[in-house]
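As structure tokens, the structure follows; a few thoughts come after it.
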Amino acid sequence: MAAKSYDVIVIGAGPGGYVAAIRAAQLGLSVAVVEREHLGGICLNWGCIPTKALLRSSEVFHLMHRAKEFGLKAEGVDYDLDAVVARSRKVAKQLTGGVGHLLKKNKVTVVMGEASLKGKGTLSVKTDKGTEELSAKNIILATGARARELPGLEADGKQVWTYKHALQPPHMPKKLLVIGSGAIGIEFASFYNTLGADTTVVEVMDRVLPVEDADISAFAKKAFEKQGMKIMQKAMVKKLDRAKGKVTAHIEAGRKVETHEFDTVISAVGIVGNVEGLGLEDLGVKIDRTHVVTDEYCRTGVDGLYAIGDIAGAPWLAHKASHEGVMVAELIAGKHPHPVKPESIAGCTYCHPQVASVGYSEAKAKELGYEVKIGNFPFIGNGKAIALGEEGGMIKTVFDAKTGELLGAHMVGAEVTELIQGYVVGRQLETTEEDLMNTVFPHPTLSEMMHESVLDAYGRVIHM
């Protein structure tokens, strides 16, 4: 049987793959997408979206406990964990169905099964019905990543969880250990801590949220501790002893190893790319620490083979994958897209308080040789923040002292994951401090703090 032929085949239908497929179809190319599990990938099914649904429930729960502050009465406040999880799964399901509809609308062929490359431009897909052969001049790898498992800390789904177990918990943790304080770890720590779990976070680096600016990490740590979390930095979980109803963690902090007992452990120690079983090595694709090596246009060095999203390395963010998908589709269609710059991609963490950033931290800018001007503004100086009852937060901006270029912006506090986009657009338009100072920000809004932070960098702050 002759292989079915397309202009483009995308392997993986996550936020990188399905977006690449839709854009390629919009550009008049014939497209097939191969997915082994769920349309929408991890992001829609087991990542970004369902976690946000859970965190929204915990945020509302937290606010209900604060009812008295707002002149309201709410007594006997409680939660139903099964119902919280059910809502999260319903949200995920709704979006997955939406992806199926979008692919159909754009006439993209969907093949459910496991793909492996058989040579340049050809692949075979194991489906429920057998094996299908497909061929295309252009193939886009968008197979994503999975949770990293460390020896001795492997998940069992009962006492030791990955993000997947934490999204459908078999029980409510009473005493919880979270290993790793990146976005995934700290979001789950935030969720379970708010619902009443006695939560400890262990981070191997010298601060929580280690990719963030040091001032933001320090502010967030204080906020987490105020909420009752225990934070152990420069610490490492060496092993876990599992027994009935308890897990004993051996935690090395400083030079000594302490033991602590927990009933539940969440391991969030990073991710590894899904590069196995695809036949990449035989084609001569370079793989570095489970990630496919590409150039700035996501080309692998093998003619007609591209890699986008998590499989192509950091930053491991859905919006990076989507943007790369569009870029590659346009490249294949003969257009001239701009490469995606990692430092132009915002990172958002939906813990309480939220954290968001774009561009260089103060330390990174200095390391790159910039002379910097720094602006800071606290939430306590903003009328809208006080009216919302959200006085805990800050905004920090980093400018090139010589040119006025906005090098980076860093935030912690209510709704900063929505605010950050203002600075992202500013950087994309190559804004300077002057443009930002001359922009009229509406009042009363949280966004005014963005203005004040810029003014502060140049000694012109008004409300501080």
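Residues are listed down the side, and each one gets a yes or a no for (1) more than 19 Å from L44 (Cα to Cα); (2) in contact with a strand residue (DSSP E or B) (Cβ under 7 Å, 6 or more places away or on another chain):
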| residue | (1), (2) |
| --- | --- |
| E133 | yes, yes |
| A142 | no, yes |
| P170 | yes, no |
| K174 | yes, yes |
| E187 | no, yes |
| G196 | yes, no |
| T200 | yes, yes |
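Look at L44 and say whether it is without any contact (Cβ under 8 Å) to a residue 60 or more places away in the chain, closer than 30 Å to V355 by Cα and either among the basic types (K, R) or crowded, with 18+ Cβ neighbours inside 10 Å (or both).
Against the criterion (without any contact (Cβ under 8 Å) to a residue 60 or more places away in the chain, closer than 30 Å to V355 by Cα and either among the basic types (K, R) or crowded, with 18+ Cβ neighbours inside 10 Å (or both)), L44 qualifies.
Could you check G76 against (1) under 30 Å from H352 (Cα atoms); (2) in contact (Cβ under 8 Å) with a residue 12 or more places away in the chain; (3) of a type outside the set (S, T, N, Q); (4) open to solvent by less than 100 Å² (accessible area, probe 1.4 Å) and say which number it fails?
Condition not satisfied by G76: (2).
Would you check if there is a residue in segment 353-364 being part of a helix (DSSP H, G or I), touching a strand residue (DSSP E or B) at 6+ places or on another chain (Cβ under 8 Å) and buried (at least 22 other Cβ atoms within 10 Å of the Cβ)?
Taking segment 353-364 and keeping what is part of a helix (DSSP H, G or I), we get 362-364.
So of that shortlist, the ones also touching a strand residue (DSSP E or B) at 6+ places or on another chain (Cβ under 8 Å) come out as 362, 364.
Narrowing further to those that are buried (at least 22 other Cβ atoms within 10 Å of the Cβ): none.
Among the residues of segment 353-364, not one is part of a helix (DSSP H, G or I), touching a strand residue (DSSP E or B) at 6+ places or on another chain (Cβ under 8 Å) and buried (at least 22 other Cβ atoms within 10 Å of the Cβ), which makes the answer no.
Yes or no, residue by residue, for (1) open to solvent by less than 20 Å² (accessible area, probe 1.4 Å); (2) closer than 22 Å to C348 by Cα; (3) at pLDDT 95 or above; (4) part of a helix (DSSP H, G or I):
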{"site": "Y6", "(1), (2), (3), (4)": "no, no, yes, no"}
{"site": "G28", "(1), (2), (3), (4)": "no, no, yes, no"}
{"site": "T51", "(1), (2), (3), (4)": "yes, yes, yes, yes"}
{"site": "L63", "(1), (2), (3), (4)": "no, yes, yes, yes"}
{"site": "E69", "(1), (2), (3), (4)": "no, no, yes, yes"}
{"site": "A86", "(1), (2), (3), (4)": "no, no, yes, yes"}
{"site": "R89", "(1), (2), (3), (4)": "no, yes, yes, yes"}
{"site": "K93", "(1), (2), (3), (4)": "no, no, no, yes"}
{"site": "G98", "(1), (2), (3), (4)": "no, no, no, yes"}
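Might you let me know whether segment 300-314 holds any residue that is open to solvent by less than 60 Å² (accessible area, probe 1.4 Å), of a type in the set (V, I, T), under 18 Å from G121 (Cα atoms) and touching an Asp or Glu at 6+ places or on another chain (Cβ under 8 Å)?
Taking every residue of segment 300-314 in turn, at least one turns out to be open to solvent by less than 60 Å² (accessible area, probe 1.4 Å), of a type in the set (V, I, T), under 18 Å from G121 (Cα atoms) and touching an Asp or Glu at 6+ places or on another chain (Cβ under 8 Å).
Name the residues in segment 150-209 that are at pLDDT below 95 and either within 24 Å of H65 (Cα to Cα) or open to solvent by less than 10 Å² (accessible area, probe 1.4 Å) (or both), would you?
L153
Can you tell me how many residues within segment 53-90 are of a type in the set (K, R) and under 16 Å from L195 (Cβ atoms)?
Of the residues in that region, 3 qualify.
The values are calculated or read from the model by the stated rules, or taken from the named source; none is laboratory data. A quick note: this is a predicted structure, and the numbers were derived from the prediction, not measured. Cβ atoms come from the backbone with ideal geometry, glycine included; neighbour counts cover every protein chain shown. Side chains included, ligands, DNA and RNA excluded: accessible areas come from the protein's heavy atoms. Shrake-Rupley method; radii C 1.70, N 1.55, O 1.52, S 1.80 Å.
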